[in-house]
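What follows is a single structure, written as structure tokens, with notes after it.
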Amino acid sequence: MMGRTIFIDPGRCIGCQACVSACRECDSHRGKSMIHLDYPDEGHSVASLPTVCMHCEDPVAPCAEVCPADAILVTADGVVQQADTTRCIGCANCVNACPFGVPKIDLQAKLQMKCNLCYDRTAYGLAPMCATVCPTGALFYGTLEELQAERPGVQVADSFTFGTTTVTTGVAMVVPADKVQWPVPGGLPVVEINGRDVR
């Protein structure tokens, strides 16, 4: 896991869309939001979940691995960048490879779009736009130590299992220590957190 990163706390999200609006304001996105809010049980629950790039570390960014144009670069500090507009061919391989469903294709521009952790800000020590405006702290930017000092008793998951593949990420999900067997958004039960069976 990266030093300073985003921690997603799904239990705190109220679906206000402040993060989506703030993301549109980021200079590198030109009015388009790279974060989206998912409603895992729409029509039956008010639950919402901000979805940002998880900046996969191991295996290194599946989206970048499958890009035939080498358009998706990973910085030395582990940030998986949005596709380079001079190289992206809009093939959507990255969309299909991402286990978290993050990259999107702008059909008009024929380019891949995704969260890049507001690298134009975080490279200079500033928090990503989404985390600066989140009124409930559902998106927390900082170190694990800072998070645990502010929210005693939380655990974070940065390893997620998809079938037989485990993906370790640079962004983490907050999991309350007393509720390790919470349902993953979308209704699937958590069976493993950071490599430990929790059934």
| query | How about the stretch 67-154: which trypsin sites (Lys or Arg not before Pro) there are in a DSSP loop, with at most 16 other Cβ atoms within 10 Å of their Cβ? | reply | 87, 110
| remark: In whole percent, the fraction of accessible protein surface over the stretch 1-147 that belongs to carbon or sulfur atoms, probe radius 1.4 Å, stands at 52 percent
| task | Could you pull out the GluC sites (Glu not before Pro) across the stretch 1-102 that fall in loop regions by DSSP (anything but H, G, I, E, B) with no more than 10 other Cβ atoms inside 10 Å? | result | 42
| query | Taking a temperature of 20 °C and a viscosity of 1.002 mPa s, what whole-number D in µm²/s does Stokes-Einstein yield for the chain with Rh from Kirkwood over alpha carbon pairs? | reply | 124 µm²/s
| request: Show me 66-79, 145-158 ranked by packing, highest mean number of other Cβ atoms within 10 Å first. | output: 66-79, 145-158
| query | Amide H to amide H, which residues 5 or more places from residue 155 or on other chains are under 5 Å from it, using H placed in the peptide plane? | reply | 175, 177
| Measuring from centroid to centroid over Cα atoms, what is the spacing of the stretch 116-161 and the stretch 1-41 in Å? | 11 Å
| field | For the stretch 3-195: accessible area per residue (Å², 1.4 Å) | value | 49 Å²
| request: Quick one: which residues, 5 or more positions from residue 9 or on another chain, have an amide H under 5 Å from its amide H? H modelled 1.01 Å from N in the peptide plane, none for Pro or chain starts. | output: 139, 140, 174
| field | Built amide H within the under 5 Å cut-off of residue 38, gap 5+ | value | 49, 51
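The values are calculated or read from the model by the stated rules, or taken from the named source; none is laboratory data. None of these values were measured; they are calculated from a predicted model. Counting neighbours? That spans all protein chains shown, and the Cβs are built from the backbone with ideal geometry, glycine included. Just the protein is used for accessible areas: all its heavy atoms, side chains included, with ligands, DNA and RNA removed. Shrake-Rupley method; radii C 1.70, N 1.55, O 1.52, S 1.80 Å.
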